[in-house]
Amino acid sequence: MLIGACRAAPKTEPRAAGGTKARPSIMLVTLDTTRADAIGPEATGIDTPAFSELAARGRRFRQAYATVPETLPSHTSMMTGLYPAGHGVHENARYLSGDRPVLAERLRQAGYRTVAFVSAFTLARRFGLARGFDVYDDEMPEGQVERAAQETTDRTLAHLRQDSRQPLFLWVHYYDPHYPYTPPEPFRSRYLKKPYLGEVAAMDQQLGRLVQAFEQQVKGPAGIVIVGDHGEGLGDHRESQHGSLLYQATMHVPLVLVGPGIAKGVSDTPVSTRRVFHTILDWAGLGESNSLRGSEQEVVLAEAMRPFVAFGWQPQVMAVLGRQKAIFAGKLEVYDVVADPMEARDLAAEVEVSRALKTAVRDYPVPSLEAPLANVSARSRPVVRKDAPRPVDMSRLFDVIEKASGLFAREEYARAIPLLERILAEDPKNLDATLSLATAHSALGHEKQALEAFRGAADIAPDSQDVRTYLALHYARGKQWERAVPLLERVVAETPDRLPALEALAVLRERQGRTSEAVALRQKIYVMRKPSAEELVRLGQLAMDDGQTALAIEAFEKARALQGRAFGQDLELGVLYLAARRLPEAKDSLDRVALSHPEYPMALFKRAQVSVLLHEPDRAARIALARERADATTRKLIAAERLFQE
Ligand SMILES: [Zn+2]
């Protein structure tokens, strides 16, 4: 890809990682929201013994950079080895396209058992990173969007006790330091004034348990990567969380490698965390290029596009080479990150900026506003509105935006509306706020205000798929199917992996009586996210109506596995088994139908058929019982049934 051409130094001599020896088991631990200065031997005001012990055993990169200050895109870079321009995921809640090869797939093909435990909804299966994993545990506690490191570690340890001869690739993601900061005891008391650090310290304790268990369980060689996905503003440059700016607080992350061919010590070479991908492939013997085992230097790139894509502010790009860091967001800023890690002094007017850096930020491909998911080429120039503000100049809105989006996500629309109006009073062309306002009004049944806001959104971004999707959902909410359907059809045709549009279209197809399409859409949705038992039942019913016996059986069986005794479709399942000539299963299923079932006579009729086909000794008695208890429907069926006429 294009960005690969930005490399500053020539490749070093290739070296063999493990020769022809057994493939090492590999553990990748990603630490969410962890600042580089909040963990390890150089952190002040906090003790993180587990991380520091690993750092002492391996190689610590003191200038490692995330590719995006947001969870999903940053992890996507580690799993693909690509910058966002290459993998297409610029913000959370997008979907990694199925045609991008991912790390777990490569490792599984090479004979690895691939296992992941993630701790936040942001990385749920539906966003595309589960591909290639034999096990992908994204189960959060009931009603929650995250789980604590302790629980994730407990579950991982339970899994590690299973024996396997295959080498293991294990990815564990911890989310604790993410806002809100609520560390467990004793860390809560110990870090009373700095609860963020308390979360990091609590996570470090779990990291210690995890590393110990991994190393005990894995026999033979092993590699370990510990890396942050991005940092946290904590007020630096007036950013309290992350995602809006590109300063060190959120971009500079911890990175430690312990494993085959890794020299002990520290490295001050700036590196991108996307090379975690290449390093793990190197350990697995699947190619050495870009491995952090080598000393290849590169111009390290990063971006923060959410303010651009969502709010229409200036796109933000960053490049680091040596100690010089350039940020371009409407204008160029330059910092010496070694002498001035707080980036207090912009050197743009004072120093000669390296040409490699200037070229890198100038040529960085910015996504298009119309289709942020689409692949972008370096030649297509982004459409940036003339009066687009620089994100750093909008910092007064960061907290209210964060608060509004939190309320919106929790569906507290009435409370979100005044905040959204406040944002729009200061930033009238903010697409995200306009769309959120429209959707909030729509959900509350404020038809007139909703349509007015949707019109505003369409004026800001006439070709936006987000606008089309949310407007379609609005029409669907008001049962205006004839308006909703064409909009949704267009969105799904243009972006076939867009979950909210797929879900809405599946419901509409069902209402239109286009059952085959409804079934196909539901199947696609349930690959992207886990269906509930009720949804599996509905899929089974639709597939049955559509004559897809095998699919209907599969869906009902899965629902039954989840529901146990509460499963209410034993009659349907029995009928399906009978149709598929799976007679012993048909018998068991029909025997489970309760006496109180409104169609119990049908169960008796079907059971008698099965009895005849199985040549059961009591078949005559079963036919007699079916006759005796027959209702209007089964009476006719029994009279016409040839099986009963011998
Ligand atoms: Zn994150």
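Of all residues in region 395-411, those that are among the aliphatic types (A, V, I, L, M) have Cβ atoms under 8 Å from Cβ atoms of residues that are not in a helix (DSSP H, G or I), 6 or more apart or on another chain, in 397/427. Looking only at region 129-159, residues that are within 16 Å of the ligand (Cβ to nearest atom) and buried (at least 16 other Cβ atoms within 10 Å of the Cβ) come to 8 in all. Within region 59-79, the residues that satisfy the criterion of being of a type outside the set (Gly, Ala, Ser) and more than 29 Å from residue 406 (Cβ to Cβ) are 59, 60, 61, 62, 63.
Screening region 96-128 for residues that are crowded, with 20+ Cβ neighbours inside 10 Å and hydroxyl-bearing (Ser, Thr, Tyr) and picking the one that is nearest to the ligand (Cβ to nearest atom) gives 122.
Kindly establish whether residue 468 is of a type in the set (Lys, Arg), within 24 Å of the chain's Cα centre (by Cα) and in a helix (DSSP H, G or I).
yes
Residue count for region 180-201, restricted to those that are under 20 Å from residue 71 (Cα atoms), surrounded by fewer than 17 Cβ atoms within 10 Å (Cβ to Cβ) and touching a residue at least 24 places away in the same chain (Cβ under 8 Å): 0.
Condition check: within 16 Å of the ligand (Cβ to nearest atom), over 15 Å from the mean Cα position of the chain (by Cα) and crowded, with 23+ Cβ neighbours inside 10 Å. Does residue 66 satisfy that? It would help to see each step written out before you state the result.
On the way: within 16 Å of the ligand (Cβ to nearest atom): yes; over 15 Å from the mean Cα position of the chain (by Cα): yes; crowded, with 23+ Cβ neighbours inside 10 Å: yes.
Taking the combined requirement at face value, the residue satisfies it.
Restricted to helices (runs of 4 or more DSSP H) entirely inside region 395-460, those with at least 2 residues that are within 23 Å of the chain's Cα centre (by Cα) are 398-409, 431-443. The single residue among 344, 339, 348 that is free of Cβ contacts under 8 Å to residues at least 60 places away in the same chain, over 24 Å from residue 94 (Cβ atoms) and touching an Asp or Glu at 6+ places or on another chain (Cβ under 7 Å) turns out to be 348. Within region 217-233, the set of residues being more than 15 Å from the ligand (Cβ to nearest atom), part of a loop (DSSP other than H, G, I, E, B) and within 21 Å of residue 62 (Cα to Cα) is empty.
Please determine, by comparing only the residues of region 522-544 that are at pLDDT 95 or above and over 13 Å from residue 558 (Cβ atoms), which one is surrounded by the fewest Cβ atoms within 10 Å (Cβ to Cβ). In this case the residue turns out to be 541.
Within region 608-636, how many residues are under 22 Å from residue 548 (Cα atoms) and either touching a residue at least 60 places away in the same chain (Cβ under 8 Å) or touching a Lys or Arg at 6+ places or on another chain (Cβ under 8 Å) (or both)?
Of the residues in region 608-636, 1 are under 22 Å from residue 548 (Cα atoms) and either touching a residue at least 60 places away in the same chain (Cβ under 8 Å) or touching a Lys or Arg at 6+ places or on another chain (Cβ under 8 Å) (or both).
Of everything listed in (1) within 21 Å of residue 248 (Cβ to Cβ); (2) within 16 Å of the ligand (Cβ to nearest atom), the single unmet condition for residue 61 is (2).
Among the residues of region 139-163, those that are assigned to a loop (DSSP other than H, G, I, E, B) and modelled with pLDDT of 95 or more comprise 147, 148.
Could you please find all residues in region 202-247 being out of contact with any helix residue (DSSP H, G or I) (no Cβ under 7 Å at 6 or more places or on another chain), buried (at least 24 other Cβ atoms within 10 Å of the Cβ) and among the polar types (S, T, N, Q)? Across region 202-247, there are no qualifying residues.
The values are calculated or read from the model by the stated rules, or taken from the named source; none is laboratory data. Just so you know, these numbers come straight off a predicted model, no measurement behind them. Note: ideal-geometry Cβ built from the backbone for every residue, glycine included; neighbour counts use all protein chains shown.
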